Amino acid sequence: MLRYIIRRLIWLIPVIIVVSLIVFVLMELAPGTVVDAMMVEDMTPEQKAELLAKYNLDKPMIYRYGLYMLNLLKGDLGTSQITQVNVWETFLTRLPNTVVLAFSSLIIGAAVSIPLGILASRHAGSLLDNSVTVFSLFGMSMPIFWLGLLLLLLFSYKFGWLPGGGNREGIRSIILPAVCGSLGMIANTARQTRSNMLEVLHADFLRTARAKGVPESVVIWKHALGNAWIPILTTIGIGLSAQLAGSVVIETVFAWPGIGRLAVEAVTQRDATLATGVIILTSIMYVLVQLVVDLLYAFVDPRIKAQYTKYAKRRKRST
Amino acid sequence: MENEIIGSSSAIKDDTDVVLDIRDLVVHYELEQETVEAVNGVSLRLKKGQTLGLVGETGAGKTSTCLSVLNLVQTPPGVIKSGTVKVCGQNVLEMTSKQLEKIRGKDVSMIFQDPMTALNPVMTVGDQIAESIKYHEGLSDKECIQKAIDMLELVGIQGVRSVEYPHQFSGGMKQRVVIAIALACSPKILLADEPTSALDVTIQAQVLDMIQDLREKMGMALLLVTHDLGVVAKICDTVAIMYAGKIVEYGTLEEVFNTPKHPYTKGLFNSLPNIRHREEKLKPIPGLMPDPTALPEGCAFAPRCAYAAQACGRKFGIHSFGGTHTALCARYEEPDFDIDFARGGESNG
């Protein structure tokens, strides 16, 4: 198992290289630099050249990239060119907001979608099942920013029940963005739960469980769901990674000061160091969440756990 | 001991010790296009300690009969059209799901056909056995696990293996686990649905011996479903032969094996290979089981029957041969009719 984790972590290296390269190339291709963002009306060409030199913007991209990677090796993500604050520190101050939002969405999403999917699968073909399917399609195809705006319009502007943005009102301010973020997850996970439960519901071992006198609710929630977890976990994991990796749209619509908005701010201000740092860190988070999900499989399904141990044993024998 | 009966018309003579009483059971599977008539009026009684072999080809309705006893016929498409199934005097077909949960596993247990798929792959075998105990005996978790371990040892598996998962067991071992689950609460009735057909021949004998052994120890009534006459001869005291959803012959082991009366039973015996007449060809029953979605009127076996007469296409009657031996064949209404049967496969008319 440990060996497997290490192997997966080593894969982070190419991910970081590719992601950082893409960010650098994109920043290079995009018009304007951080100096344009800082320019004041009465700046002389000399002052501008000085600034360009300060950020190595007069040198080729490959030089800046090399320098960046060298610092990264030392664990230094650099400082923001605009605010002059350490990128790592900036990231850390924003991270909790995003984590709180992502997990709120996850909890709402899982708590709604799994029962919904189970209900739909147990009454497959009924009106209820069809409504869930339609709702899922609706949820998946609706643009999030539009949905977010509708929610704001209704609950904040019209009824005035909830704040219109920011994170200053504690639990009240998290409701709308969390609900908005969970809708996509509910749609996907409910569909996934439904189809996996349908596959399991006719399994022989459920008949064995019923023949033992196990109550129907336990048959469904323990025996059936226990065997349908893996694809559901995958879907939830993807949803969570997407949320953690900066739900840019939601954070922007709801003025939520998280990582997604940080990345947007950095890019619009041409703050290359901050943008690259934030994007590298979010991709690392993405990979880690996926790893955690993969490891969870082993806890859900003993056959997968057996594969890990078999793999380890084989390695031991061959060395 | 009186062991009857075939068909609804037989009189009920002795009610004492009857643990399972199936009357006129009709089970259909109503699909979109057609209706599968799986069980068409089966009546069976099982007394305490009795071992009844229910023999028939694939598709004869044996499994549906067993599932009806637990009221576990998959609905939809399955529908129990009529009949009563009394377990210890109570009709399971009229029970609420709460009442059913109480008798399933406690009064009636079932050993399933395919041990490969009958166990939950993500639960340890110990937990799966303990679950049954937990819902029926109100013991603490620890006591349940201890009892599960005892059950495992009873079926010949080391107790330490209770923490392992089904995929770590071989087919024969899995079947032992399935048996341990079924026996965990010492049921009064054990339904064994082809418990050995998914196993190797060498393991089959072991598992059968074990079932028989435990049955004697616990004093259960056993309904053994099989298509293997050898298995029946080995452990059953009463035999019911099933064809196209009906019981066509019923009697004690001696009666049915020594003097089979129904042409289908005879056909079954004739299709067994005989070691003393190896040069002889097997005599399979010609034709196939009728399509259960379109059963013929009258006797369902008539199209394949060497003795079929015109009357067979219209009716079938129960004929009693004294004692408990009965057969469902219209030809016995002719006073001098009998099928000629001799063990060893001498030719017949």
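The values are calculated or read from the model by the stated rules, or taken from the named source; none is laboratory data. What you see is a predicted model, and the numbers here were worked out from it, not measured in a lab. Note that each Cβ is placed from the backbone with ideal geometry, even for glycine, and that neighbours are counted across all protein chains shown. Side chains included, ligands, DNA and RNA excluded: accessible areas come from the protein's heavy atoms. Shrake-Rupley method; radii C 1.70, N 1.55, O 1.52, S 1.80 Å.
Overall, the ratio between the Cα radius of gyration of the stretch A:2-73 and 2.2 N^0.38 Å, rounded to two decimals, is 1.53. For the set B:242, B:116, B:173, the ranking by accessible area, highest first and with no ligand, DNA or RNA atoms included, is B:116, B:173, B:242 under a 1.4 Å probe. Inter-label distance, residue B:277 to residue A:84: 10.9 nm, where each label sits 7 Å from its Cα along the C-beta direction. Among residues other than residue A:114 with Cβ under 13 Å from its Cβ, the summed charge is +3 (Lys and Arg +1, Asp and Glu -1). Modelled label positions at residue A:3 and residue A:300, each set 7 Å beyond Cα in the direction of Cβ, lie 2.6 nm from each other.
Of all the options A:182, A:217, A:113, the one that moves most in a Gaussian network model of chain A with Cα springs shorter than 10 angstrom is A:217. Kindly state, to the nearest 0.05, the FRET efficiency for residue A:39 paired with residue A:141, given R0 = 41 Å and r defined as their beta-carbon distance. Once rounded, the FRET efficiency stands at 0.45. Here is the link list: B:142/B:234; A:212/B:234; B:106/B:234; B:48/B:98. Which ones come out longer than 31 Å on Cα distance? Where the Cα-Cα span goes over 31 Å, the pairs concerned are B:142/B:234. Label sites at residue A:284 and residue B:116, each approximated as a point 7 angstrom past Cα along Cα to Cβ, lie 4.8 nm apart.
Here, the protein assembly as shown has an Rg and a Dmax of 35.6, 127 Å when only alpha carbons are counted. With the convex hull of its Cα atoms as the shape, chain B has an orientation-averaged projected area of 18.8 nm². Here the stretch A:205-282 and the stretch B:311-339 have alpha carbon centers that stand 70 Å from each other. Over the stretch A:117-212, the pair-distance histogram of Cα-Cα distances with 5 Å bins from zero comes to 2, 13, 17, 15, 12, 12, 11, 7, 5, 4, 2, 0 percent, rounded to whole numbers. Relative contact order of chain B, taken over Cα pairs closer than 8 Å and 6 or more residues apart, is 20 percent. Legend: calculated FRET efficiency, residue B:258 to residue B:206, from the Cβ-Cβ distance at R0 = 25 Å, rounded to 0.05, equals 0.30.
If you take the alpha carbon radius of gyration of chain A and divide it by 2.2 N^0.38 Å, what ratio comes out, to two decimals? Before the final figure, lay out the partial values.
Working: Rg = 24.3 Å, N = 319, 2.2 N^0.38 = 19.7 Å.
Expressed relative to 2.2 N^0.38 Å, the Cα Rg reads 1.23.
Which one of A:263, A:228, A:30 has the biggest mean-square fluctuation once chain A is modelled by GNM with Cα springs under 10 Å? Among A:263, A:228, A:30, the largest GNM mean-square fluctuation belongs to A:30.
Once the Cα atoms are used to define both axes, helix A:302-318 deviates from the longest principal axis of chain A by about 60 degrees. Along the axis of the charge dipole computed for the protein assembly as shown (Cβ charges of +1 for Lys and Arg, -1 for Asp and Glu, origin at the Cα centre), the listed residues B:139, A:200, A:44 are led at the positive end by A:44. When Rg and Dmax are taken over the Cα atoms of the stretch B:225-331, they come to 14.2, 40 Å. Between the stretch B:232-255 and the stretch B:110-169, how far is it from one alpha carbon centroid to the other, in angstrom? The distance from the Cα centre of the stretch B:232-255 to that of the stretch B:110-169 comes to 32 Å. Could you let me know the centre-to-centre spacing of the stretch A:185-202 and the stretch A:4-41, using Cα atoms, in angstrom? For the stretch A:185-202 versus the stretch A:4-41, the Cα centre distance is 37 Å.
Annotation: per residue accessible area for the stretch A:88-318 equals 46 Å², rounded to a whole number [probe 1.4 Å, protein chains only]. Set against the 2.2 N^0.38 Å expectation for a compact globular protein, the stretch B:179-271 has a Cα radius of gyration ratio of 1.13.
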